[in-house]
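Notes follow the structure.
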Amino acid sequence: MSDFLFELGLEEIPARMIAGAEAELGRRVTDLLTREHLLAAGGTVTTFSTPRRLAVLAEGVLARQADTEEQLTGPSWKVAFKDDAPTAAAQAFAKKAGVDVSALQKVTTPKGEYVGATVKRAGRSASEILTADLPKEVLALYWAKNMYWRAGKPERFVRPVRWVIALLDSEVVPLEIAGIAAGRESRGHRILHGDVPVPVFQACDYSKSLLGAAVVVSVADRRQIIRKALDAVTRTVAGARWREDEPLVETVVHLTEWPSVILGNFDREFLALPEEVLVTVMRDHQKYFAVEDAHGKLAPHFLAVLNTRADEEGAAIIRHGNQKVLVARFKDARFFWDFDQKTPLKDRVESLKHVTFQKELGSYHWKTEQNLHVAQALAGLVKAKGTKFDEAALLKAVELAKTDLTTELVKEFTELQGIIGGLYARAQHLGERTALAIYEQYLPASMEDNIPVCVEGQLLGLADRIQTITSMFWKGFQPTGSKDPFALRRAANAIIKILAESDLPLTLGDVINESAQGDLVYGETAIFLRERLNFYLKEVRGFAYDVVNAVLAAGADDVRDAIARAEGLAAARGSEDFVAVSAAFKRIKNILRQAEEKGFALGNSGHAKAAEAVGLRDAAAKVAPEFEKLRGQRNYAEALALIATLRPTVDTFFDKVMVLDPDETLRGAHLALIHEVLSNFSTIADFSEIVTA
Amino acid sequence: MQSFWAERGCVLQQPYDVEVGAGTMAPETFLRVLGPRPYKVGYAQPSRRPADGRYGENPNRLFKHTQFQLILKPPPVNVQELYLESLEAMGIDLRQHDLKFEEDNWEWPAGGAWGVGWQVMLDGLEITQFTYFQQCGGLDLDPICAELTYGMERIAAFLQDVDSIYDIVWARDPETGAPITYGDVRLAEELQFSVYNFEYADVPRLWEHFNSFEAEAKSLLEQASAVLNDEKASPAEKRRFPLLATYELALKCSNLFNLLDARGAISVTERVGIIGRIRNLAVGVAKAYAAQQAAASQ
């Protein structure tokens with residue numbers, strides 16, 4: 001049994017693409033070895049990556065495939081041999097099987113006599129297979145953006161391939177990728193090791209060999225080194241903590257081969273700038289971690305993850321350099337902040353005419369006017385239903401919501417749109433509610449985000465997004481497949497989440513209606529939002545797909561009610577009685593459909609005669625009012641439990657009663673009865689959607 | 001840096017004497033990268049970005065900065081190592097610094113040009129844009145080339161450890177040691193051009209210039225097409241057609257666009273259309289130039 005090592009040496013891979021490519025390479029190598037029966041039972045595949053390499057170590061690889069014997073059956077003996085002489089059919093079969101005609105045998109089966117051939121295949125060596133097939137797998141890796149580098153453009157890849165290692169234990173596998181023959185020489189850290197090859201003598205020594213060349217090839221190890229170093233360095237500041245930022249940790253893990261951390265400082269005077277701006281500069285522009293004091297307030301320090309091991313002198317130089325860059329950026333931000341204050345938000349509304357929202361729709365000035373209409377209508381609705389909020393503050397927020405797009409600070413830090421507007425509104429004393437609503441308008445940006453805390457922010461967020469969706473639909477910009485250039489799905493997800501997690505007394509219909517009044521796009525928008533509700537219930541709330549289908553089939557307008565019904569249904573689904581009743585409901589639906597196809601009319605359920613039919617009618621009539629009461633109270637779990645109590649009567653009914661009785665009156669009565677049961681009790685969910693094992 | 005690259009066989013060119021926004025736009029890059037012929041060239045290129053002007057008040061931003069632009073066509077396999085050596089040659093001891101190649105792809109839509117590559121970060125400072133050119137003038141490149149663009153003011157400020165670009169020592173009196181700084185040389189220019197670009201530049205006249213340069217370039221492109229597609233025209237006739245002059249006219253338009261933009265005279269809706277007009281000129285020249293080169297080599 002051997003170990004197989006493969007390392008692909010590249011120029012620096014974009015950090016955001018490494019994790020996916022590493023996993024895919026591991027998958028492809030595992031699949032190849034498995035497909036070719038080269039991975040022994042208990043064999044393992046481990047992957048590695050750094051900015052300059054992707055690597056795989058497979059332990060438990062067979063040196064060669066086992067030899068195989070296969071029995072092939074050909075044409076019937078009579079066709080293949082005439083007077084013991086092989087016919088053309090026999091020759092063709094022998095050729096196909098790769099054996100001599102003389103090697104064909106007679107095979108007797110229950111169906112008669114046939115020609116058979118035993119095909120022996122010698123197993124190929126692992127080296128042979130890997131040489132032939134691995135390069136294709138590697139070049140098929142998915143990259144979000146590719147490039148050409150060699151003349152004649154023979155291949156595209158994320159960055160130029162510079163070296164390749166392929167070793168079975170200590171033997172080089174003579175494969176070639178992008179014109180580079182595999183060998184055993186890797187490269188170490190650019191600076192710490194220099195441009196000197198790093199020989200790997202044994203496949204299993206890979207990590208150790210590279211460690212000696214200042215490269216930690218394990219992503220998990222680098223992550224741990226970085227987290228520990230962040231902790232250790234932060235401890236040098238009394239009471240300080242570094243701000244946890246998992247995406248940033250992942251980014252720096254993929255930007256380093258030999259990580260270390262330094263603490264840098266900046267002047268306290270910059271703490272006068274809003275924390276959001278400081279953190280954005282540090283995180284997004286410089287990839288620094290922010291540091292906070294014991295009270296969670298930003299402290300005048302930062303942590304930079306280096307791709308080197310610096311001595312004290314080097315660390316001082318590096319710290320100095322990073323501090324200078326950061327201070328220059330902070331100064332820029334302060335310059336923009338001060339500059340922006342010269343033109344207050346309220347004086348910027350007019351200049352929104354020069355900022356395009358969408359070429360075929362209009363400017364952000366137009367967008368603001370549209371948002372105002374929608375927001376006013378929504379405000380009227382929720383006010384009528386007793387929701388308390390500050391309407392004037394809301395309208396001011398809607399009017400000014402987009403004005404920060406004209407500020408220098410947002411032009412510099414586009415990711416802070418909305419937030420900057422909110423901060424400016426506060427600095428310009430436009431009222432806390434208005435400022436907060438503007439600040440929160442883009443929440444939730446993702447399904448992990450919180451929704452706006454204030455009602456004004458929620459309404460602004462709803463109005464803005466539904467206006468975007470309906471106007472884009474109106475212009476024919478519906479998302480298709482994976483294409484959603486205007487991020488309308490994200491906008492719709494946010495609408496669902498706001499309705500789900502706020503107390504706003506609004507249904508999806510209310511929201512669409514206020515934006516798409518009388519519009520052709522109402523129906524399309526409703527279907528679109530319903531899809532997103534379906535997505536939300538399944539992906540965010542984790543309900544089973546059949547529960548979601550059942551609940552939405554009974555109504556998809558009131559988001560919070562749909563969630564409550566899904567909760568009740570998910571709970572009830574565990575009961576055996578309930579599952580049996582839902583199976584019966586599915587049966588009822590089928591019978592009714594058949595009856596309709598055959599032209600059988602519904603009659604009068606009062607005419608049912610069989611005791612079991614009368615029993616079901618009475619039981620259903622008894623349960624119905626209580627069910628309605630519980631449903632009215634949104635006590636869905638108990639309402640559904642009540643339906644489950646119908647199981648014995650439903651079961652006996654179907655056991656004993658012939659529903660489609662030849663007698664027209666009885667048949668009509670039975671059909672009417674089951675129709676009543678179905679429609680009376682399908683208001684929480686359409687149980688026929690429930691999948692029973 | 002110049003001697004470093006000259007020793008490695010690069011042509012040392014002088015800055016191009018027409019206003020450009022970046023070293024890429026000089027014909028030594030834009031036109032030389034087209035076609036199959038290998039070329040290695042380096043030059044310092046003053047690059048004008050009217051909207052970046054800050055009246056000389058911002059220590060990190062300039063209306064006109066200097067790029068050292070290097071084209072290696074085709075790129076040698078050790079191009080990254082050569083690049084690191086060039087930093088060492090400038091006196092940067094990499095063992096005492098933190099260096100990262102971070103993904104940064106480059107494009108110039110008006111030039112139909114793009115590539116993939118990195119921004120090179122030295123102690124958190126972006127000192128170089130390193131790009132593998134894939135397309136230029138709307139044409140696929142084969143071979144591709146490596147483009148290294150060094151930000152000279154930043155590198156100088158880094159090497160001299162000064163907080164403001166204007167404090168960079170440009171020269172020193174050999175006897176007294178008195179410095180002449182970047183500010184001494186360039187501050188007035190930054191101030192006055194910011195004033196002109198933002199306040200004085202006459203918008204209607206800028207449009208007139210734009211239209212006039214565009215008309216001349218378009219007319220030349222039409223004639224170029226006639227000559228280059230004429231089967232009876234001799235290689236010599238094709239070779240002498242003034243496409244290099246046509247390209248200068250396109251560059252003039254590009255600079256005027258930047259001025260108009262700084263003046264706030266271009267709305268977002270107009271923007272796409274005007275970039276398209278410049279693109280037509282640049283791409284038109286690139287295509288004609290490639291055809292001319294092919295004809296000339298026959």
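Being within 14 Å of chain B (Cβ to nearest Cβ), among the small types (Gly, Ala, Ser), in a strand (DSSP E or B) and in contact (Cβ under 8 Å) with a residue 24 or more places away in the chain is a description that applies to A:Ala304. Checked against (1) at pLDDT 95 or above; (2) of a type in the set (A, V, I, L, M, F, W, C); (3) surrounded by fewer than 21 Cβ atoms within 10 Å (Cβ to Cβ), A:Phe336 meets all criteria but (1).
Name the single residue that is nearest to the chain's Cα centre (by Cα) among those in region B:201-224 being farther than 14 Å from B:Asn255 by Cα and of a type in the set (A, V, I, L, M, F, W, C). So the residue we want is B:Ala217. State whether the residues of region A:430-440 include one that is part of a loop (DSSP other than H, G, I, E, B), at pLDDT below 95 and at positive phi. No, there is no match, as no residue in region A:430-440 is part of a loop (DSSP other than H, G, I, E, B), at pLDDT below 95 and at positive phi. So, A:Val219, is that one buried (at least 17 other Cβ atoms within 10 Å of the Cβ), hydrophobic (A, V, I, L, M, F, W, C), closer than 11 Å to A:Thr50 by Cβ and touching a residue at least 40 places away in the same chain (Cβ under 8 Å) or not? The answer is yes for A:Val219.
B:Ala265 meets each of the listed conditions (1) part of a helix (DSSP H, G or I); (2) within 21 Å of A:His354 (Cβ to Cβ); (3) in contact (Cβ under 8 Å) with a residue 60 or more places away in the chain apart from (1).
Candidates A:Ala580, A:Ala608, A:Ala644, A:Ala621: the one that is at pLDDT below 90, farther than 24 Å from A:Asp561 by Cα and either surrounded by fewer than 17 Cβ atoms within 10 Å (Cβ to Cβ) or under 40 Å from the mean Cα position of the chain (by Cα) (or both) is A:Ala580. Within region A:26-49, the residues that satisfy the criterion of being part of a strand (DSSP E or B) and of a type in the set (Gly, Ala, Ser) are A:Ala40, A:Ala41, A:Gly42, A:Gly43, A:Ser49.
A single member of A:Ala310, A:Ala294, A:Ala299 is in contact (Cβ under 8 Å) with a residue 12 or more places away in the chain, away from chain B (no Cβ under 14 Å), in a loop (DSSP other than H, G, I, E, B) and not hydroxyl-bearing (Ser, Thr, Tyr), and it is A:Ala294. For region A:145-186, which residues satisfy the criterion of being of a type in the set (D, E, K, R) and either in a loop (DSSP other than H, G, I, E, B) or in contact with a strand residue (DSSP E or B) (Cβ under 6 Å, 6 or more places away or on another chain) (or both)? Matches in region A:145-186: A:Lys145, A:Arg150, A:Lys153, A:Glu155, A:Arg156, A:Arg159, A:Arg162, A:Asp169, A:Arg184, A:Glu185. From the list B:Gly111, B:Gly91, B:Gly115, the lone residue that is modelled with pLDDT under 95 and crowded, with 23+ Cβ neighbours inside 10 Å is B:Gly111. For A:Gln71, the conditions (1) loosely packed, with under 13 Cβ neighbours inside 10 Å; (2) assigned to a loop (DSSP other than H, G, I, E, B) all hold with the exception of (2). State whether one or more residues within region A:123-143 are within 14 Å of chain B (Cβ to nearest Cβ) and either more than 42 Å from the chain's Cα centre (by Cα) or of a type outside the set (Ser, Thr, Tyr) (or both). The answer is yes; a qualifying residue exists.
A:Ala494 falls short on exactly one of the conditions (1) without any contact (Cβ under 8 Å) to a residue 24 or more places away in the chain; (2) part of a helix (DSSP H, G or I), and that condition is (1). Set side by side, the residues B:Trp114, B:Trp118 differ, and just one is within 12 Å of another protein chain (Cβ to nearest Cβ), of a type in the set (Phe, Trp, Tyr) and over 24 Å from B:Leu62 (Cβ atoms), which is B:Trp114. Filtering region A:234-258 to residues that are surrounded by fewer than 21 Cβ atoms within 10 Å (Cβ to Cβ) and part of a loop (DSSP other than H, G, I, E, B) leaves A:Arg235, A:Thr236, A:Val237, A:Ala238, A:Gly239, A:Ala240, A:Arg243, A:Glu244, A:Asp245. Only one residue in B:Gln223, B:Gln192, B:Gln129, B:Gln160 is touching an Asp or Glu at 6+ places or on another chain (Cβ under 7 Å) and not hydrophobic (A, V, I, L, M, F, W, C). Which one? Result of the check over B:Gln223, B:Gln192, B:Gln129, B:Gln160: B:Gln129.
Mind checking which residues of region A:194-208 are in contact with a strand residue (DSSP E or B) (Cβ under 7 Å, 6 or more places away or on another chain) and either within 14 Å of another protein chain (Cβ to nearest Cβ) or more than 30 Å from B:His97 (Cβ to Cβ) (or both)? Within region A:194-208, A:Pro197, A:Ala203, A:Cys204 meet the criteria. For region A:592-601, the condition holds for at least one residue, the condition being that it is surrounded by 13 or more Cβ atoms within 10 Å (Cβ to Cβ), touching a residue at least 12 places away in the same chain (Cβ under 8 Å) and part of a loop (DSSP other than H, G, I, E, B). In this entry, B:Pro242 is excluded by the filter for residues that are more than 14 Å from chain A (Cβ to nearest Cβ), farther than 30 Å from B:Asp173 by Cα, more than 22 Å from the chain's Cα centre (by Cα) and in contact (Cβ under 8 Å) with a residue 12 or more places away in the chain.
Of all residues in region A:337-369, those satisfying the criterion of being at the interface with another protein chain (Cβ under 10 Å from one of its Cβ atoms), of a type outside the set (S, T, N, Q) and in contact with a helix residue (DSSP H, G or I) (Cβ under 8 Å, 6 or more places away or on another chain) are A:Lys353, A:His354, A:Val355, A:Phe357, A:Lys359, A:Tyr364. Counting only residues that are more than 30 Å from A:Ile18 (Cβ to Cβ) and within 14 Å of chain A (Cβ to nearest Cβ), give me the strands (runs of 3 or more DSSP E) lying completely in region B:7-110 with at least 1 of them. It comes to B:39-48. Residues in region B:34-83 that are touching a helix residue (DSSP H, G or I) at 6+ places or on another chain (Cβ under 8 Å) and among the hydrophobic types (A, V, I, L, M, F, W, C): B:Leu34, B:Val41, B:Ala44, B:Ala51, B:Leu62, B:Phe63, B:Phe68, B:Leu70, B:Ile71, B:Leu72. Pick from region A:497-525 the residues that are part of a helix (DSSP H, G or I) and of a type in the set (Ser, Thr, Tyr): which of them is surrounded by the fewest Cβ atoms within 10 Å (Cβ to Cβ)? Out of the qualifying residues, it is A:Tyr522.
Could you count how many residues in region A:151-164 are without any contact (Cβ under 8 Å) to a residue 60 or more places away in the chain and facing another protein chain (nearest Cβ under 8 Å)? Count: 3.
Checking each residue in region B:161-194 for being of a type outside the set (D, E, K, R) and within 12 Å of chain A (Cβ to nearest Cβ) picks out B:Val162, B:Ser164, B:Ile165.
Among the residues of region A:101-116, is there at least one that is among the β-branched types (Val, Ile, Thr) and under 41 Å from the mean Cα position of the chain (by Cα)? Among the residues of region A:101-116, not one is among the β-branched types (Val, Ile, Thr) and under 41 Å from the mean Cα position of the chain (by Cα), which makes the answer no.
The values are calculated or read from the model by the stated rules, or taken from the named source; none is laboratory data. Please read these numbers as outputs of a predicted model, since none were measured by experiment. Cβ: placed from backbone, ideal geometry, glycine included. Neighbour counts: every protein chain shown.
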